[in-house]
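**Q** Before I ask anything, let me first share the structure, which is written out below as structure tokens.
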Amino acid sequence: MGTIAKQSVKGTIVTYLGVAVGFITTFFVLTRFLSTEEIGLARVLIDAATLFIGLAQLGTNASIIRFFPYFKSEDNANHGFFFWTIVIPFIGFTVFSVVYWACSVPLAAWFGEKSPLFVDYYYFVLPLAFFMLYQAIFETNATVLMHIVVPKAVREVVVRVGLLASYLLYAFEVVSLDGFVICLCLNYAVAALINLVYLFSLGKISLRPDWQFLRANPQLVRSYALYTGFLIVSALTSVLAPTLSSFIITAQMGLQYTGIFAIATYIAVMVSIPSRSLIAITQPELAQAIKDNDSRNACGTSQQ
């Protein structure tokens, strides 16, 4: 069994473990201990953070997969590639944080009537988005190194167990609603930290930028900039579309309906589970084949 098949099968198994935890959380904890408004608050905070990082990452997740083959080196320093995958999203996060702050008044007016609870926790989206952003970035770095199982376990199992623990702490009044939202943020902070530690354990990354390599490859820098610019534009549709429904429901109908929507959509997500692992592990191989102009291996990878 090849690397793609092994990683895909392991990834799918891990994902189904996460689904089992999510099933218990959704149908035995949320529906019993939390109100639909509280469920809706958690959903819209995560959706808002997801939309935020979709723009703030400046296309880095896709760029990592597309351009890593051009930076890969035998000494495992990879010409400082990891350094740029940290810095570029941070620049995007800073810019869009200012935009998010500037939009606080009109957004508060939009959500205020039907969902005042979201307005109360409006600024918690920023730390939540920051940790979710770097959890995703570190996971993608592991993916291009052909190690998807541990980061996927973090995303599918560790995060969901953390969410379950947060819900239970709030349900049994160990923490207040403020404490619950803080636990939500810390859950993704722990996930990002685990992914970072795992990346360093692989011994294939370096935090030192290689300026000489960039100066010697100006065409690569231009290609990266153009590709990233295209991804920022495409993110407006690819990221906005999946999260738009919950925003409209929250603003026009209230968090109670968002909570019902969150439970209903969880069932639909289960259908796409096998394909997600396969896509995650094949993309780096396809990127390498594109770089080598190897159409035979590209076709073979897609068939695996």
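**Q** In terms of the Cα gyration tensor, with a ≥ b ≥ c the square roots of its eigenvalues, is the range 1-121 rounded because a/c is under 1.5, prolate because a/b exceeds b/c, or oblate?
**A** oblate
**Q** Is the range 95-135 best put as rounded, prolate or oblate by its Cα gyration tensor, with a ≥ b ≥ c the root eigenvalues, rounded for a/c under 1.5, and otherwise prolate when a/b is larger than b/c, oblate when not?
**A** It is oblate, given that a/c is not under 1.5 and a/b is not larger than b/c.
**Q** To continue, here is another question. Averaging over all projection directions, find the projected area of the Cα convex hull of the range 97-169 and quote it in nm² with one decimal place.
**A** 6.5 nm²
**Q** Please go through the range 22-97 and write out the GluC sites (Glu not before Pro) that DSSP classes as loop and that have at most 15 other C-beta atoms within 10 Å.
**A** Counting only loop positions with at most 15 other Cβ atoms within 10 Å, the GluC sites (Glu not before Pro) in the range 22-97 are E74.
**Q** Could you please report the charge total around L177, scoring K, R as +1 and D, E as -1 over all other residues with beta-carbon less than 10 angstrom from its beta-carbon?
**A** Within the 10 Å Cβ shell, the charges total -3.
**Q** Okay, moving on. Could you compute the net charge surrounding V44? Neighbours are other residues with a C-beta less than 14 Å from the C-beta of V44; K and R count +1, D and E count -1.
**A** Combined, the nearby Lys, Arg, Asp and Glu give -2.
**Q** Residues with beta-carbon under 11 Å from that of I194, excluding I194: net charge, scoring Lys, Arg +1 and Asp, Glu -1?
**A** 0
**Q** Accessible surface of F52 in the full protein assembly, 1.4 angstrom probe, to the nearest 10 Å²?
**A** Answer for F52: close to 20 Å² accessible.
The values are calculated or read from the model by the stated rules, or taken from the named source; none is laboratory data. Since this is a predicted model, take the numbers as computed values, not measurements. Cβ atoms come from the backbone with ideal geometry, glycine included; neighbour counts cover every protein chain shown. Please note that ligands, DNA and RNA were not included when accessible areas were found on the heavy atoms of the full protein model with its side chains. Shrake-Rupley method; radii C 1.70, N 1.55, O 1.52, S 1.80 Å.
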